[in-house]
Structures are given as structure tokens and as C-alpha cells.
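Visitor: Starting off with a structure, shown below.
Where a number appears in this text, it was derived from the coordinates with a stated rule and is not lab data. Quick caveat: nothing in here was measured; it's all calculated off a predicted structure. FYI the Cβ positions are ideal-geometry reconstructions off the backbone, even for glycines, and counts take in every protein chain you see.
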Amino acid sequence: MENLPGIVVTGASGRMGQMLVKTITASGKARLVGCVERAGNPWLGRDVGEAMGGAALGVTVTDDPLPAFARAQAVIDFTAPAATVEFAALAAQARAVHVVGTTGLEPAHHARLDAAARHAVIIQAGNMSLGVNLLARMTQKVAAALDADWDIEVIEAHHRMKVDAPSGTALMLGQAAAEGRGVALEAAKVSGRDGITGARERGSIGFSAVRGGDIVGEHDVLFAGEGERIILRHVATDRTIFARGALRAALWGQGQKPGRYDMMDVLGL
Ligand SMILES: NC(=O)C1=CN([C@@H]2O[C@H](COP(=O)(O)OP(=O)(O)OC[C@H]3O[C@@H](n4cnc5c(N)ncnc54)[C@H](O)[C@@H]3O)[C@@H](O)[C@H]2O)C=CC1
Ligand SMILES: O=C(O)C1=N[C@H](C(=O)O)C[C@H](O)C1
């Protein structure tokens, strides 16, 4: 057990944080060596297992990331963009692999990740599941096979607590479609139509977001042509798929050269 890679989970009390704690401790492939939360979080100072309502795991939740990262071989981070860029610098300082699941990252956040990745391995993806990464590859291939007579729309649905839109997954799928079609997503992207929008612009890639209840995550890529439609769909019913993917990334990252990677690299897709 002592030889297994040590992992710190940031945002440990969150939906994904708790799923990661369960997945890591049950895996037999890694050790949970730290849990980080933000200042003021009620779990601070408590054993994470007990805070989750179970047996003690011997890991106390802290708001001081660097000493925790220094004990770890990897940090798995599903928090918020402002926190993630701070964690990237600290993980690089500690030479720990940083697995980033956080979505809603803007170009300025990516620039900070790029800077940290000069010294450390960073694996970042808007969706860590095998199914969605396969869907992205399929989207790229279908988009490459069809011309702009086929309208591309990405439709996503998530739980009522989600704070960013379009989802990180929707943007991944839109990026895959744009790459397949040989266009820049920034130029083709149309998001959140409302009012007298005019007719659809040929070649645009549309995004629509639904928010409600406890939907874990659903994504359709619609290719709408004259007289026919193709719909590629992924439905997540359990957050374990993201946690398993993130753990796989943390293990894969051990021994890789410093740099930016994604789940396609991890999964070899
Ligand atoms: N890439 C993927 O496969 C997936 C990505 N996500 C993304 O992960 C992120 C988190 O999602 P959820 O767990 O549903 O959200 P959540 O709101 O349940 O959890 C976020 C946690 O991060 C903590 N946090 C925020 N700032 C912090 C800081 N400065 N230091 C320490 N902890 C901090 C919060 O206190 C909270 O406990 C979102 O961006 C979401 O879109 C979610 C699922 C899958
Ligand atoms: O916030 C979520 O819950 C999810 N976020 C990711 C996203 O933005 O795509 C991944 C998954 O769909 C769940």
C-alpha cells in the first residue's frame, strides 16, 4: 500500500470530490493522502471519511494545499477556475501530476495552466469518461465526412446546480466537430439563441443548454440535413465514470514528461 501513488483531492466536499474519495479508496491502485477545501468550508479539520458519513479514512480536510501536495504524486482537481489555476502552480511546485476536471476555463486560465505545465504534467479535459471521449472522436469523423449542408448543433442537459454553460463536454464536442470540418470553433460558435435571431448561418455550430433537477450529464450532437438527421448521444447516469477516468489519468501521468495532456492521450484514442 505504501508504494501506491499518493493522491490529493481538492474540493473534497463537492459532488465530484466525494466521488473521487470513494473511487480512490476503493481502487487498490492509489492512496488518498490529502483532501483540500476552501476556507470556511464546514469539513475543514474533520476526517474526510467521517464527514462523508462513513468510517474514518485517516485524512483530515485542510485549506492549506501546498503541504498536502508535497506528500502526493498527483492532485485531482474538480473545483472552480480561479482555484484550479492556483492549484496548478502549487502542484507544479510540488512536482505532482495535476488532473484538472474543472470546467468553465477561459483563455486566461488556460494560459496559467500552460505556464505551470512547463514544470509539471497537467491532464485536463471537460469530460473524463471513456464514453464521451469516444463520442468526441466519432463527432470529428462524422463532421469530416459531411459538408456544411449538414447543420451541427450540440445540446446538453445538466443538474440545476451547474454554474457554467455550455458545459465543458459540449465545448469538447463542438471543438471535435470544428476540427472535423476544418474550421475554428470560435468563428463558428453560436450559443443561447433568443429573440429574432434571423435564419441559421450556414456552417455555424450551435450550442443549447438545459438545466434541471439532478441530471448527471447528457449530450447530443445533432447533424441535421435535408430529409435526414444523425444524432450522436452520450448519457451519464453516475459520476463514477468521471472519477474512474480522473484516477486513470493520475496513474497514467506518472513518469510522463512535463506538458499539457488530455484524456485522448490517456485513453490512446
Ligand atoms: N471533467 C469532468 O469529467 C467533469 C467535470 N466536472 C466539473 O468539476 C467541477 C466541480 O463540479 P462539482 O463537484 O459538481 O461541483 P461542487 O460545487 O459540488 O464542488 C466543487 C467543490 O470545490 C470546492 N472549491 C471551490 N473553490 C475552492 C478552493 N479555492 N479551494 C478548495 N476547494 C474549493 C467547493 O467548496 C466545492 O466543495 C465543475 O467545474 C464541473 O463542471 C464535473 C463532473 C465531471
Ligand atoms: O458539472 C457537471 O456536473 C459536469 N460537468 C462537466 C461538463 O461541464 O461537461 C462534465 C459532466 O457533464 C458533468
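Visitor: Give the relative contact order (percent, whole number) for the chain; include only Cα pairs under 8 Å separated by 6+ residues.
Guide: Values: 558 pairs, mean separation 52.1, N = 269.
That works out to 19 percent.
Visitor: Whole number please: convex hull volume per residue, Cα atoms of the range 127-269, in Å³.
Guide: Cα convex hull per residue, to the nearest whole number: 129 Å³.
Visitor: Let me ask something additional. Can you list the residues, at least 5 places off or on another chain, whose amide H is less than 5 Å from the amide H of residue 32, using H built in the peptide plane?
Guide: Distant-sequence amide H within range of residue 32: 7.
Visitor: Moving on. Can you tell me the dipole magnitude for the chain around its Cα centre, using point charges on the Cβ only (Lys, Arg +1; Asp, Glu -1), in Debye to the nearest 20? Don't skip to the answer; put the middle values down first.
Guide: Details: 27 positive and 28 negative charges, 128 e Å.
So the dipole magnitude of the chain works out to roughly 620 debye.
Visitor: Moving on to the next point. When you count, for each residue, the other Cβ atoms within 10 Å and take the mean per peptide, how do 228-237, 165-174, 24-33 rank with the highest first? Could you put the intermediate results ahead of the total?
Guide: Working: 228-237: 13.6, 165-174: 24.4, 24-33: 18.0.
Per-residue Cβ counts within 10 Å, averaged per peptide and sorted highest first, yield 165-174, 24-33, 228-237.
Visitor: Starting from the coordinates of the alpha-carbon atoms of the chain, obtain the Kirkwood hydrodynamic radius over all distinct pairs and give the value in Å to one decimal. Can you show the working numbers first?
Guide: Details: mean 1/r = 0.0516 Å⁻¹.
Computed over the chain, the radius equals 19.4 Å.
Visitor: Full extension from residue 118 to residue 191: what is 0.36 nm times the residue separation minus their Cα-Cα distance, to one decimal in nm? If you can, show how the numbers build up before the last one.
Guide: Values: separation 73, 0.36 × 73 = 26.28 nm, distance 3.32 nm.
Fully extending the segment from residue 118 to residue 191 adds 23.0 nm.
Visitor: Determine the calculated [θ] at 222 nm for the chain from helices alone, applying -39500 (n - 2.57) to every DSSP H run no shorter than 4 residues and normalising by the residue count; nearest 500 deg cm²/dmol. Could you put the intermediate results ahead of the total?
Guide: Details: 10 runs with 98 residues, N = 269.
That comes out to -10500 deg cm²/dmol.
Visitor: Let me ask another. Sort 40-50, 194-204 by the packing proxy (mean of other Cβ within 10 Å over each peptide's residues), most packed first.
Guide: Details: 40-50: 15.9, 194-204: 8.9.
Ranking, from highest mean packing down: 40-50, 194-204.
Visitor: If you don't mind, another one. Can you give me the angle between helix 15-27 and the longest principal axis of the chain, using Cα atoms only, in degrees from 0 to 90, rounded to the nearest 10?
Guide: That works out to roughly 60 degrees.
Visitor: Looking at the chain, what % of its DSSP beta bridges pair antiparallel, to the nearest 5?
Guide: Values: 16 of 47 bridges.
Percentage antiparallel, nearest 5: 35.
Visitor: Counting every Cα pair in the range 15-161, what percent are over 18 Å apart? Display every interim value, and only then the final one.
Guide: Working: 6908 of 10731 pairs.
Here the tail beyond 18 Å accounts for 64 percent of pairs.
Visitor: Kindly rank 67-77, 81-91 from highest to lowest mean number of other beta carbons found within 10 Å of each residue.
Guide: Top to bottom by mean Cβ count within 10 Å: 67-77, 81-91.
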